[in-house]
Amino acid sequence: MKQTFYKIIIYSFGISIFFLESCVNQFLDNPDKSVLTDQTQWSNEATADLFLNDIYHNLPDCQNQPDNMDNFTDYAAQHFYYTSYNWKQGIVNPNTTYFGVWGGVAGPLGEYNYNWATTYANIRKCNTFIEEVRKHAANFSPDWMHKRIDEARFLRAFFYANLWQLVGGVPIITEELDRHTMDSAQLYRPRASFAETENFIVSELDSIINDNYLAVKYGPTDADAGRATIGAALMLKGWVQLFAASPAFNAAVPAVGSNPGSCCGFGNYDKNRWAEAAATFKQFIDKYGNGHPYDLFPDLSSHGLWFPGNKYNSEVIWDRQYVANSPLGSTFEQYGGVVYILGAYYTWGNYNPTQELVDRFYMANGKPITDPTSGYDPQHPYVNREPRFYDWIVYDGAPYYMDWMPRPDTIYTRIDKVHPSLNEINFSTGDVSNSGYYFKKKLNPLVRPGGGPVSGANFIYFRYAEVLLGYAEAENEAYGPDPSVYDAINAIRRRAGIPDLQPGLTQDQMRAEIHQERDVELCFENKRFYDIIRWKIADSVLNRPQHGMMITNSSPNDDKGVWVYTPIVINYPPTHHFDSKMYLAPIPQSVIDQNPKIIQNPGY
């Protein structure tokens, strides 16, 4: 069985190896690639690396999926054929055995292989790697062994964190289970509590950080670029602590309403949880921030932070690699963005911003549009907005140009009888946006959409802006808006090209500013879902309609009138329903059937 398993791994690496160039060289150096047994798999560093690289390849593939976590929020309009469309209507079923994006009812567990079975398969691989490397330690140099074991421990913590955020406490398994040698008590583990799971993840990351075997950061020319780092471990630790400290879980009664097995939250409020998160982010800033080596990258345009030529720039902490024009490439540009460009159909039109998101972007003077002194004009809503708005949002009348295009285009989403546009706001089920907006953040300007996996732009899981935002939020909750909170938020605002915050804010006012800054800065990066869950606002923002912008002329037959901007309800999905149980996803019933010690989350 193990021989067959390793053969499958090697054959799959022929088309999907993660660290392409270095691993292909390792693969070619192996004298007999077709028969990797236990003896040969762990006989040297090159063949052992193949096993670990396969685990890296199983990281969430966020660039090759048409449904994403933002579609589960109020800031993105999604099409009817996706799992997010069902979930936003309150449709989620623990009895499903389908965990995918096409009309599923598993909710967020259907995204990016976050489901229970795939997560534990990845965790099992991490456990196997750690055990086998230690068992065959004589075959490896101490330096290689220390680094690779801590990489595997980081990956295991990352997989655990992804599942914990969605379902709460989970069974903690750190050894390879064997049904041939273990009894049922050893094989079937109960769920750890919410706190125990968080403590395990944090303690593993602390150990990795204190070991100091990993590099702090890799640059674009480093052979190990893409592997786990000290920076990634410290960032993940801070994020896990921030998530845990948030209102949905840091309370006497968790957001789901009850707490069986203490799996759904802490069961009490403790302000020190915010302080712990703040301390972790501060450690990152003081030790590795401000250019040593992490810092904010100055450019947020299509040729900036996410541009393939800027891989592993100062802001990137943890990402997944893609290789252009290969089976390891990305199809992200095909799935989202403007549908019709220069009169031709190019994209599926996913990830469209709603009016709710558009309204969160500041004016050029740094004021929110709700401020009476901001200068915002609802009949000229796209005038004098902040630079990020123009970099990331495609609105009616927006100039549009990517490097692959032979000439610039102008995108119109208005309803125009005189000069109709193929991108006119869509009130049916087609690909064209039903919000009147498209996004362009993170799109690779070199890639013509529709060409398959041709993009080599990496997906960034964590970046330095999140360190600053996480610190500001945790510090404000723990101690109030001290000068360091202003420093962190103002660094983000200055990079964005807008003025500093006004001084003298209360804690509540600063909280509102931090939330808005996260909404804007991190839009379309799969962050909003986790924020509305942990802030315990999903039951508010997801139980009301989303909106788009309908633009019509007061003299529609000749366009000689004025253009009128009218926010309208997006009719897909037709209803929005969020129950408190949906703050956590259900444990799949198939898991409970196999292991009666697993308790279900409330409401399912």
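Values as computed for the structure displayed
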quantity: Answer from K217, K237 - the residue that is touching a residue at least 40 places away in the same chain (Cβ under 8 Å), open to solvent by 10 Å² or more (accessible area, probe 1.4 Å) and assigned to a helix (DSSP H, G or I); calculated: K237
quantity: Where a residue in segment 451-466 is under 17 Å from Y312 (Cβ atoms) and its partner, wherever it lies, is outside any helix (DSSP H, G or I) and β-branched (V, I, T), with Cβ under 7 Å and at least six apart; calculated: S455/V447; G456/V323; I460/V316; F462/I317; R463/V316; R463/I317; Y464/I317
quantity: Any hit, segment 554-564, residues being under 22 Å from Q355 (Cβ atoms), part of a strand (DSSP E or B) and either of a type in the set (G, A, S) or in contact (Cβ under 8 Å) with a residue 24 or more places away in the chain (or both); calculated: yes
quantity: Count of residues meeting criterion [hydroxyl-bearing (S, T, Y) and open to solvent by 20 Å² or more (accessible area, probe 1.4 Å)] in segment 220-234; calculated: 1
quantity: Count - residues of segment 268-296 that are assigned to a loop (DSSP other than H, G, I, E, B), in contact (Cβ under 8 Å) with a residue 24 or more places away in the chain and more than 15 Å from Q241 (Cα to Cα); calculated: 5
quantity: Candidate set: segment 338-396, residues that are in a loop (DSSP other than H, G, I, E, B), touching a residue at least 60 places away in the same chain (Cβ under 8 Å) and among the polar types (S, T, N, Q); chosen: the one nearest to T413 (Cα to Cα); calculated: T354
quantity: Total residues in segment 240-282, condition within 12 Å of E198 (Cβ to Cβ), of a type in the set (A, V, I, L, M, F, W, C) and open to solvent by 20 Å² or more (accessible area, probe 1.4 Å); calculated: 1
quantity: Extreme residue, surrounded by the most Cβ atoms within 10 Å (Cβ to Cβ), among residues of segment 153-189 that are part of a helix (DSSP H, G or I) and modelled with pLDDT under 95; calculated: L187
quantity: The lone exception for Y351 - which of (1) open to solvent by 10 Å² or more (accessible area, probe 1.4 Å); (2) under 20 Å from S84 (Cα atoms) it fails; calculated: (1)
quantity: Per-region count, segment 376-423, residues open to solvent by 80 Å² or more (accessible area, probe 1.4 Å) and touching a Lys or Arg at 6+ places or on another chain (Cβ under 7 Å); calculated: 0
quantity: Residue that is open to solvent by less than 20 Å² (accessible area, probe 1.4 Å) and basic (K, R), where the choices are R544, R534, R528; calculated: R534
quantity: Some residue of segment 93-100 being modelled with pLDDT of 95 or more and closer than 30 Å to R360 by Cβ; calculated: no
quantity: Options D32, D70, D49, D61: the member that is part of a loop (DSSP other than H, G, I, E, B), at pLDDT 95 or above and of a type in the set (D, E); calculated: D61
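The values are calculated or read from the model by the stated rules, or taken from the named source; none is laboratory data. Quick caveat, the model's predicted, so the values are computed rather than measured. Reconstructed Cβ throughout: ideal geometry from the backbone, glycine too, with neighbour counts over all protein chains shown. These area figures cover heavy atoms from the full protein model, side chains too; ligands, DNA and RNA do not enter into them. Shrake-Rupley method; radii C 1.70, N 1.55, O 1.52, S 1.80 Å.
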